Every structure is written in structure tokens, then in C-alpha cells.
1. Just give me the residues in the stretch 1-18 being closer than 13 Å to Leu157 by Cβ and either assigned to a loop (DSSP other than H, G, I, E, B) or more than 11 Å from the chain's Cα centre (by Cα) (or both), in sequence order.
2. For Phe93, all conditions in the list (1) of a type outside the set (Ser, Thr, Tyr); (2) surrounded by 13 or more Cβ atoms within 10 Å (Cβ to Cβ); (3) closer than 21 Å to Lys2 by Cα; (4) out of contact with any strand residue (DSSP E or B) (no Cβ under 9 Å at 6 or more places or on another chain) hold save one; what is the number of the exception?
3. Return yes when Leu107 is within 14 Å of the chain's Cα centre (by Cα), within 19 Å of Ile11 (Cβ to Cβ) and not in a helix (DSSP H, G or I) and no when it is not.
4. Please enumerate the residues belonging to the stretch 19-56 that are surrounded by fewer than 20 Cβ atoms within 10 Å (Cβ to Cβ), on the phi < 0 side of the Ramachandran plot, not in a helix (DSSP H, G or I) and not polar (S, T, N, Q).
5. Out of the residues in the stretch 57-84 meeting the condition of being among the β-branched types (Val, Ile, Thr) and surrounded by fewer than 13 Cβ atoms within 10 Å (Cβ to Cβ), tell me which one is nearest to Val119 (Cα to Cα).
6. Say whether the condition of being buried (at least 19 other Cβ atoms within 10 Å of the Cβ) and part of a helix (DSSP H, G or I) is met by at least one residue in the stretch 117-132.
7. Just to be sure I understand the filter: pairs with C-beta atoms under 7 Å, separated by 6 or more residues or on different chains, first member in the stretch 1-27 and touching a residue at least 24 places away in the same chain (Cβ under 8 Å), second member assigned to a strand (DSSP E or B) and surrounded by fewer than 17 Cβ atoms within 10 Å (Cβ to Cβ). Which pairs pass?
8. Go through the stretch 135-147 and give me each residue that's out of contact with any Asp or Glu (no Cβ under 7 Å at 6 or more places or on another chain) and either free of Cβ contacts under 8 Å to residues at least 40 places away in the same chain or assigned to a loop (DSSP other than H, G, I, E, B) (or both).
Amino acid sequence: MKYLLDANVFIDAKNRYYGFDIAPVFWQWILSSHAREDLYSIRAVHAELRNYEDELSVWVANTVPSGFFLQPDSKFTSSLASVSSWAVESNHFTETAKNEFLASADLQLVAHAHAHSMVAVSLEKSNPDRKKRIMVPDACAAFSVVCVTPFEMLRSLKARFS
């Protein structure tokens, strides 16, 4: 199974459980897992993370290999069209929710996971009744894409930090 990380996975890890100063092994684990071809993210997440001027943006710029952040390809483009159409054609979500989703890295994350049969990893919680925001797990569910939390991913990959 290959996992595709949402920006919130990195941001929350840095700000809460796995700060660079208290858990550098977590960040090394991300790199090692990528080297084993288990973990990736996308260019849109890369751009989002680089917008901050903090330790995380420096780590992304100076340490993470460029291949970690996957480039769009023809499979992605086809899935992007499908996921975009799903959002636009939905009568459930507000126009603002649709527009925000279409402009977000979340759309691209779901499309890339769908195109390449990857597992999306996000801290967002499913809320199918929500109308004002399209949540990653709900968009994933619409396309039969598995979406897990970071902790579920860590357990699945048998991560051990010592």
C-alpha cells in the first residue's frame, strides 16, 4: 500500500506530537518510508508547506527529496476531471464549498490517490452531512479511495520510534 499525505499531517505533526526538537526520528521515518516507496505527497501540498516560513518549510526545501512530491500525470488529469465534476455537480454542497475545494490541494490529493490507487492520509474527519465544506474523507469515499488518519497509517506501516 502506498500512502499519500495531506498537508495537515505534516503541519499537525510539527505543531503537536512530533516537533522537530522532540521527535526527530518521526521526520527521519517519513524519509525512510519514502525510500521504501511507502509514503508520498503531491506538488500542491509541497507548495502549501513552502508558504510558511518555519522549520517545516526549511525541512521540505532542504531535506525532502523532490520525488516525494508527485507530479501530475495523465492518470491524475483524468481523475482530476472526475473529482472536479463530482464536486461541481453535487447539489449537496454550497457554491462556496465547491469553489474552495476546486481551488485546494485537497482536490488534487483525492484525484491523485484515486488515479494511482493510493491511500489518502488526512486528519480531516468524515462529515457527509456538512454542506459548507467538502471534507477529504467524504470526497475519497465518493471514489472508493481509502482515507486513514496518520495514526492508522503509522500502525499499518508498523512504525516504531525509539
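Nothing in this text is a laboratory measurement; each read-out follows from the coordinates by a stated rule. Everything quoted here is computed from the prediction, not taken from an experiment. Note: ideal-geometry Cβ built from the backbone for every residue, glycine included; neighbour counts use all protein chains shown.
1. Residues satisfying the conditions are Met1, Lys2.
2. Phe93 satisfies all of (1) of a type outside the set (Ser, Thr, Tyr); (2) surrounded by 13 or more Cβ atoms within 10 Å (Cβ to Cβ); (3) closer than 21 Å to Lys2 by Cα; (4) out of contact with any strand residue (DSSP E or B) (no Cβ under 9 Å at 6 or more places or on another chain) except (3).
3. Working: within 14 Å of the chain's Cα centre (by Cα): yes; within 19 Å of Ile11 (Cβ to Cβ): yes; not in a helix (DSSP H, G or I): no.
No, not satisfied.
4. Gly19, Phe20, Asp21, Ile22, Ala23, Arg36, Asp38, Tyr52, Glu53, Asp54
5. Start the filter on the stretch 57-84 by keeping residues that are among the β-branched types (Val, Ile, Thr), which leaves 58, 60, 63-64, 77, 83.
Next cut, surrounded by fewer than 13 Cβ atoms within 10 Å (Cβ to Cβ) only: 63, 77.
Values: Thr63: 24, Thr77: 18 Å.
It comes out as Thr77.
6. no
7. Within 7 Å, no pair qualifies.
8. Correct list: Asp138, Cys140, Ala141, Phe143, Ser144, Val145, Val146, Cys147.
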